[in-house]
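The values are calculated or read from the model by the stated rules, or taken from the named source; none is laboratory data. This is a predicted model, so every value here is computed, not measured. Here Cβ is always computed from backbone atoms with ideal geometry, including for glycine, and neighbour counts include all displayed protein chains.
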Protein chains: 2
Amino acid sequence: MKYALYYWPSIQGRGEFVRLALEDAGADYVDVARSASGMRAMEDMLESASIRRAPFAPPFLRAGELLIAQTANILSYLGPRLGLAPRGEAGRLWLHQLQLTIADWLVEVHDTHHPIGSGLYYEDQRPEAKRRAADFRTERLPKFLRYFEKMDRRAFSYVDLSLFQMIEGLRYAFPRTMSGLEKQVPRLVELHDRVAERPRLAKYLRSKRRIAFNQQGIFRSYPELDAA
Amino acid sequence: MKYALYYWPSIQGRGEFVRLALEDAGADYVDVARSASGMRAMEDMLESASIRRAPFAPPFLRAGELLIAQTANILSYLGPRLGLAPRGEAGRLWLHQLQLTIADWLVEVHDTHHPIGSGLYYEDQRPEAKRRAADFRTERLPKFLRYFEKMDRRAFSYVDLSLFQMIEGLRYAFPRTMSGLEKQVPRLVELHDRVAERPRLAKYLRSKRRIAFNQQGIFRSYPELDAA
């Protein structure tokens, strides 16, 4: 199966969670919107009135006849096909539950710099962002980290790839906070390091296909939002 | 199968989306935390170190050996079993994609009154709430409503029950805004009315099992957050 991934071409964003799974599995895929004509194709699909089951937003994945949106839904579909999830129902439900919790966590990361409106500039919501980021750093982030630190892990899965990405992104966005918290979650840090060394993934991370973290993505580096 | 639902006993919240499916299907279930001992049992489960696959937060569902968390994950599991979703993969993926988009929408509703921190009082984030609610009413809410207005609908499903709940909640929280917007989404309004008349659901809505909307839930009535 040749997959086609549709996502904004200049940020890691939510698309990156799908890219990591495709890359780690060595899947055959095209990252459609990273060419000018592909970007137009993606925007046409978002605005099309003729697509019967249209996505609300990127990322979405074309897999043969299927057009699948929502990051966790895409990963739940791909997981068993890429060897990154068990085929049995109990294991799949558990992984999906974890992935949906990661999705909730990611929204909270995003909202540290956009607590008022995703269509407004950061500069137009900076005081609110400072308050929200403080709450995130002291209340929510430790809670999520502790939860995933003690979660039940068996075979390697797409959830582990997503946790790698969370740690990477959090280190970029909140370096001082993370340097304080990481001591408390040694299993997560060990998992992150182990994922980074997986051969196909390591190669991907060094390639041009891996977009660098930047100030348009979900994880952003605003020192005033990090711990003092 | 006898199901056990675990959710906060004094609000509709996310648990209500699961309750509506169980009630509409006439399923055999117990709403565990609505007794004092059940509430303790739920809290014990959230804090237990011995549950191998623990939830991050309510709602969660006990179904035989399975313990399933995340609202959309629970509904994806229950859907085909309750006759509220097709069994085929394409149809299930599509419904789940819609349900996850409803989950995103619901977070945005919640954040209109809690843009800074869910652990803080509304009164401690009122100016921020006013700004966020204005953005929600003018940008995000119309976008979500328009999306679901034109979505592909076939057989009745749990997504229709959830859309009913969204319309109910939005009318409670933003009555003036909704009275302006509903003219633009006649199919959604018609769906809402049709769901309300389903015999088992109508009976449930009149029963004591249906908790009233209130100021601790996700949908809250703060007139200053509604349109002028």
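Observations
- If you go through the stretch A:102-124 and keep only what is without any contact (Cβ under 8 Å) to a residue 12 or more places away in the chain and not charged (D, E, K, R), you end up with A:107, A:117, A:118, A:119, A:120, A:121.
- Residues that are more than 10 Å from chain B (Cβ to nearest Cβ) and either farther than 23 Å from residue A:204 by Cβ or out of contact with any Lys or Arg (no Cβ under 6 Å at 6 or more places or on another chain) (or both) do occur in the stretch A:50-57.
- The set of residues from the stretch A:58-76 being buried (at least 22 other Cβ atoms within 10 Å of the Cβ) and within 11 Å of chain B (Cβ to nearest Cβ) comprises A:60, A:61, A:68, A:69, A:70, A:71, A:72, A:73, A:74, A:76.
- Among the residues making up the stretch B:109-129, a single one is under 13 Å from the mean Cα position of the chain (by Cα) and surrounded by 21 or more Cβ atoms within 10 Å (Cβ to Cβ): B:109.
- Filter result for residue A:132 (modelled with pLDDT of 95 or more, in a helix (DSSP H, G or I) and either touching a strand residue (DSSP E or B) at 6+ places or on another chain (Cβ under 6 Å) or loosely packed, with under 13 Cβ neighbours inside 10 Å (or both)): no
- Residue that is within 17 Å of residue B:17 (Cβ to Cβ) and surrounded by 12 or more Cβ atoms within 10 Å (Cβ to Cβ), where the choices are B:189, B:195, B:185: B:195
- Test result for residue B:11, out of contact with any Leu (no Cβ under 8 Å at 6 or more places or on another chain), surrounded by 16 or more Cβ atoms within 10 Å (Cβ to Cβ) and of a type in the set (Val, Ile, Thr): yes
- Some residue of the stretch A:139-147 being touching a His at 6+ places or on another chain (Cβ under 6 Å) and among the aromatic types (Phe, Trp, Tyr): no
- Tallying residues that are touching a strand residue (DSSP E or B) at 6+ places or on another chain (Cβ under 8 Å) and among the hydrophobic types (A, V, I, L, M, F, W, C) within the stretch B:23-40 yields 4.
- Selected residue (criterion: farthest from the other protein chains (Cβ to nearest Cβ)) from residues of the stretch B:135-168 that are outside any helix (DSSP H, G or I) and modelled with pLDDT of 95 or more: B:156
Each row is one residue, and each column tells you yes or no for (1) of a type in the set (Ser, Thr, Tyr); (2) at pLDDT 95 or above; (3) assigned to a helix (DSSP H, G or I).
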{"site": "B:172", "(1), (2), (3)": "yes, yes, yes"}
{"site": "B:181", "(1), (2), (3)": "no, yes, yes"}
{"site": "B:187", "(1), (2), (3)": "no, yes, yes"}
{"site": "B:192", "(1), (2), (3)": "no, yes, yes"}
{"site": "B:210", "(1), (2), (3)": "no, yes, no"}
{"site": "B:214", "(1), (2), (3)": "no, yes, no"}
{"site": "B:221", "(1), (2), (3)": "yes, yes, no"}
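- Within the set A:79, A:91, A:83, the sole residue that is on the phi > 0 side of the Ramachandran plot and either crowded, with 22+ Cβ neighbours inside 10 Å or modelled with pLDDT of 95 or more (or both) turns out to be A:83.
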